[in-house]
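The values are calculated or read from the model by the stated rules, or taken from the named source; none is laboratory data. Computed from a prediction, not measured in an experiment: that's the story for all the values here. Here the Cβ positions follow ideal geometry from the backbone for every residue, glycine too, while neighbour counts run over all protein chains shown.
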2 protein chains.
Amino acid sequence: MTTLTYTNLNGVNVEQLVGTIQAIQKDPSLARFHFRADTQWLSGGHSRSRIQDFYGAGQEDTSREKPFTLEGDEPPVLLGSNAGPNAVEVVLHALASCLSVGFIYNAAAQGIRVDELEFKLEGDLDLRAFLGLSDQVRPGYEALRVSYRVKSDVPREQLEALCDYVQKTSPVLDIIRNPVPVTIDMVD
Amino acid sequence: MTTLTYTNLNGVNVEQLVGTIQAIQKDPSLARFHFRADTQWLSGGHSRSRIQDFYGAGQEDTSREKPFTLEGDEPPVLLGSNAGPNAVEVVLHALASCLSVGFIYNAAAQGIRVDELEFKLEGDLDLRAFLGLSDQVRPGYEALRVSYRVKSDVPREQLEALCDYVQKTSPVLDIIRNPVPVTIDMVD
């Protein structure tokens, strides 16, 4: 009889992680995910997104009983009312959230215990393209800087190697660093 | 004496919008913004971002009395506990929020009244790159689809022209469609 020991490292169920990897190795179609959001404009700069269902691991996911609700708005200096963070600020959160998951899951897979992990992000944006005042500057971030601080008892070199690996496999970092094809269509 | 009439269209103060554009035309340095986020890992896939201050229009913004708090997590099938939407779902919200602002502000500037505006977004992602199981697929979205529905009394052609213009000037769409340089550094 084999006794399986439940192993939780960094809050990650390592056995489930290994099981997920093995299941996808056997059936790569389980790796296909479709994520979704529905967004409604409310007034001025204010909109609200609902995020709930998605397809993945071969089926529709029903684990969320109700949708997550995310507010988007602009600050007064950009004609909004601060009902939520603005869209480019939300990109910073998405990137940090993604790097955090990648760092922690891969640390758990490698047996590295992480005690603390924090990110600071800053992005530079010139508003002239958005306002139609220049076609010499791009509308989006010209540059984005991430600094992270990690507390762990393994050598710094091991943490830096882990971070390098995370950078190669991070979905949101890839979305930001590399082109993603986007189609936009009006429907009735 | 000139009497200025306060004009509000789609919830946008059109006079402030025109004033902002004129101020930046006179002093382009006012268009430089630096947006920021601080993110803390909590446990497993769960992290929390705080978004509050930024620099823009020539000064530090102090309009937000307290930070916006955004949760990030994974669903159980991806080893999380659904404490928040995951990072690539948040990207969908960021894009819709950005397109919404662009559509509504530019509509207001053109005198187009918008009654309703909704977006549906879907992104396709193959998890194998994130899990280190393939270097043949990319970590991020392979494709992203946006459909939008707009209710307005102007002809459809005018709305489609507006949408084309919004696509050229949307910060988040640019960030997703085109490469952004990102630096990531460990600090003590």
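If I filter region A:154-166 down to residues being without any contact (Cβ under 8 Å) to a residue 12 or more places away in the chain and not hydrophobic (A, V, I, L, M, F, W, C), which single residue comes out as nearest to A:Leu99 (Cα to Cα)?
A:Asp164
Looking only at region B:92-104, decide whether some residue is at pLDDT 95 or above and farther than 26 Å from A:Gln52 by Cα.
The answer is no; no qualifying residue exists.
Yes/no per residue for (1) crowded, with 17+ Cβ neighbours inside 10 Å; (2) among the charged types (D, E, K, R); (3) touching a Leu at 6+ places or on another chain (Cβ under 7 Å):
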residue	(1), (2), (3)
A:Phe33	yes, no, yes
A:Ala37	yes, no, yes
A:Gly45	yes, no, yes
A:Arg48	yes, yes, yes
A:Gln52	yes, no, no
A:Tyr55	no, no, no
A:Glu60	no, yes, no
A:Ser63	no, no, no
A:Glu71	yes, yes, no
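Is one or more of the residues making up region B:163-177 among the small types (Gly, Ala, Ser) and under 16 Å from the mean Cα position of the chain (by Cα)?
Scanning region B:163-177, I find at least one residue that is among the small types (Gly, Ala, Ser) and under 16 Å from the mean Cα position of the chain (by Cα), so the answer is yes.
Looking only at region B:87-110, count every residue that is more than 7 Å from chain A (Cβ to nearest Cβ) and in contact with a Cys (Cβ under 8 Å, 6 or more places away or on another chain) and tell me the total.
Result for region B:87-110: 1.
Could you list all residues from region A:38-85 that are facing chain B (nearest Cβ under 7 Å), under 17 Å from B:Ala83 (Cα atoms) and not aromatic (Phe, Trp, Tyr)?
A:Ser49, A:Ile51, A:Asp61, A:Ser63, A:Arg64, A:Leu70
Does region A:124-149 hold any residues that are under 18 Å from the mean Cα position of the chain (by Cα) and either among the hydroxyl-bearing types (Ser, Thr, Tyr) or crowded, with 19+ Cβ neighbours inside 10 Å (or both), and which are they?
A:Gly140, A:Tyr141, A:Leu144, A:Val146, A:Ser147, A:Tyr148
Looking at (1) aromatic (Phe, Trp, Tyr); (2) part of a helix (DSSP H, G or I); (3) facing chain A (nearest Cβ under 7 Å), which is the only condition B:Tyr141 fails?
Evaluating B:Tyr141 over (1) aromatic (Phe, Trp, Tyr); (2) part of a helix (DSSP H, G or I); (3) facing chain A (nearest Cβ under 7 Å) leaves (2) as the failure.
Any chance you could count how many residues in region B:168-188 are facing another protein chain (nearest Cβ under 7 Å), free of Cβ contacts under 8 Å to residues at least 60 places away in the same chain and not in a loop (DSSP other than H, G, I, E, B)?
8
Assuming A:Gly123 fulfils every condition listed in (1) free of Cβ contacts under 8 Å to residues at least 40 places away in the same chain; (2) assigned to a loop (DSSP other than H, G, I, E, B); (3) closer than 17 Å to A:Val91 by Cβ; (4) of a type in the set (Gly, Ala, Ser) apart from one, which condition is it?
Going through the list (1) free of Cβ contacts under 8 Å to residues at least 40 places away in the same chain; (2) assigned to a loop (DSSP other than H, G, I, E, B); (3) closer than 17 Å to A:Val91 by Cβ; (4) of a type in the set (Gly, Ala, Ser), A:Gly123 breaks only (2).
Take region A:44-61 and flag every residue that is closer than 20 Å to B:Asp115 by Cβ and aromatic (Phe, Trp, Tyr).
none
Check B:Lys66 against each of (1) in contact with a strand residue (DSSP E or B) (Cβ under 6 Å, 6 or more places away or on another chain); (2) of a type outside the set (Phe, Trp, Tyr); (3) under 20 Å from B:Arg50 (Cβ atoms) and name the one condition it does not meet.
Here B:Lys66 meets the rest and fails (1).
Among (1) touching a residue at least 12 places away in the same chain (Cβ under 8 Å); (2) in a loop (DSSP other than H, G, I, E, B), there is one condition A:Leu99 misses while meeting the rest; what is its number?
Here A:Leu99 clears every test but (2).
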